[in-house]
Amino acid sequence: MSPAADPLAATRQWVETFVVPRNICPFAGREVARDTIRYVAVDAGDWERALLALVAECERLDETPAIETTLLVLAPGLEAFEDYLGFLEVAEALLVDQGYEGTYQLASFHPDYCFADAEPEDPANFTNRSPSPMLHLLREAGLEQALAHYPDPEAIPERNMAALREEGHDALDTALARLRGQA
């Protein structure tokens, strides 16, 4: 099965060929090298089952310290960005309700991600664009530790946005489309 036909393979390839080389997450390369990223496919057509899978991944992280982070690939389902944002809101509330606030954090990624104050064509949106809708479940303690040893972590988003704007929308869109098998 080609990476484009397999959302997990496309996501892994996105991390290794899009995120790491562009240093979008300055900590991703280390986790790729250490093989501490878990990739999980979740059918998000049924929100209840998808949310149960999110809680199960929190429990897995609780039980498995060797896994630093999990990427929950929400495919099929949630192709519409507005639907994804609704799901994200429920997922964040669920983490609080389940007592995981301060333990795990969600980062959000979607093929059509668009920041509230940005135009859809702004290349800065590619900091959060991915081949499939997904939730990135991060250990807060691991994130805090990594940030403590990184110079000027507050500048990461601005640096990413500037670098992606320099690369340009068309080049980034082509790279992401290739991962989805659309180029």
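The values are calculated or read from the model by the stated rules, or taken from the named source; none is laboratory data. Note that the structure is predicted; figures quoted are calculated from it, not measured. Counting neighbours? That spans all protein chains shown, and the Cβs are built from the backbone with ideal geometry, glycine included. The accessibility values were calculated without ligands, DNA or RNA, using every heavy atom of the protein model including side chains. Shrake-Rupley method; radii C 1.70, N 1.55, O 1.52, S 1.80 Å.
Observations
- Percent accessible area from carbon and sulfur atoms, the chain, protein chains only, probe 1.4 Å: 51 percent
- Rg(Cα) / (2.2 N^0.38 Å) computed for the chain, rounded to two decimals: 0.99
- Counted residue by residue at 0.36 nm each, then reduced by the alpha carbon distance between them, the extension gain from A118 to E89 reaches 8.5 nm.
- For the chain, the Cβ-based charge dipole about the Cα centre amounts to some 780 debye (Lys, Arg positive; Asp, Glu negative; other atoms uncharged).
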